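Down below is the structure, laid out as structure tokens.
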Amino acid sequence: MIPSPFALGAALITSIVAVQYAHAADSLQKTLAQPARAINGIAPTTRSHWMRRANQALADVLGTPCPFAAFGTAIVNHTGNGLGDLICIGANGNSRTGNPTFHGEMAAIQNCTSILTDPQGPYNLTAAESLSAFAQLSLYTNAESCPMCAAAIRWAGFKEYVYGSSVDRLVEQGWAQIRISSMDVFRQSFDLPSTTRLIGEVLTNETDPYFLWQYDPEYRCPSTCVRRDGVCSKAH
């Protein structure tokens, strides 16, 4: 029996999609790099420097190194020499703003957009130029992004996305998370015109402690913080 043209067409589409998905999955495996290696010419010590800067964003933005939602972000331009240039920072501002989507990554992207397009600022980019500029930037965040933020990172077209503590680690410690990894989000983003290098679990020995005290009353507070009434707060 000769298959109908419709059946042949459906089979062809299915085959093409399968090939595209397999190619995307294969390419994706190359995006998740070992954090101890120099990726894109950036030394591990430089990665550590900027991950520490993402941690520092908590104190800079929120006034304390130990907020309950301790999610900090730094966005960096590595196109120059040396360590690179900090463009902006952000920290989770849900409780401060009342905006449930104002995660650290979203805050940083918004802050960078404002800085890049500020007519009185150092860049003074047009909206179109600002959109293109993200392809040159690296986003560092001290914990793996939720699927909303991971999708925003892909839509922005960042050159690199570097995270510290993993979603799995957060879940192990009692954090409520939407259990979709950044890798899964990236895997479904192969239709987008840009590519983003994903580098995971950088400097976890320093990022993990920011997320280990909230649901463990015996765990020590981050540096310069003390526990009062079961909650870590900045020491006076």
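The values are calculated or read from the model by the stated rules, or taken from the named source; none is laboratory data. This structure is a prediction, so every number in the text was calculated from the model and none was measured. Neighbour counts are summed over all protein chains in view; Cβ atoms, including those assigned to glycine, are modelled from backbone coordinates with ideal geometry. These accessible areas exclude ligands, DNA and RNA; they are computed on the full protein's heavy atoms, side chains included. Shrake-Rupley method; radii C 1.70, N 1.55, O 1.52, S 1.80 Å.
Brief remarks on what is shown
- Heavy-atom surface analysis with a 1.4 Å probe gives region 41-234 a carbon and sulfur content of 52 percent of its accessible area.
- Structural descriptor for region 41-234: relative contact order 20 percent, calculated from alpha carbon pairs under 8 angstrom and at least 6 residues apart.
- Each Lys or Arg adds one and each Asp or Glu takes one away; over the other residues whose Cβ falls under 13 Å from the Cβ of Val185, this sums to -1.
- In the context of the full set of protein chains, region 119-236 has a per residue accessible area of 52 Å² (1.4 Å probe).
- Sum of side-chain charges, Gly84 neighbourhood, beta-carbon under 15 Å (Lys, Arg +1; Asp, Glu -1): +3
- Extension gain, Tyr215 to Ala176: 0.36 nm times the residue separation minus the Cα-Cα distance gives 12.9 nm.
- Spacing of the two label points (7 Å from each Cα toward its C-beta) at Thr126 and Asn99, in nm: 2.6 nm
- Around Ala135: net Lys/Arg minus Asp/Glu count, Cβ-Cβ under 13 Å: +1
- Calculated on the alpha-carbon coordinates, the convex hull of region 41-234 measures out at 124 cubic angstrom per residue.
- Once the Cβ-Cβ distance of Arg37 and Asp229 is raised to the sixth power relative to R0 = 30 Å, the FRET efficiency obtained is 0.10.
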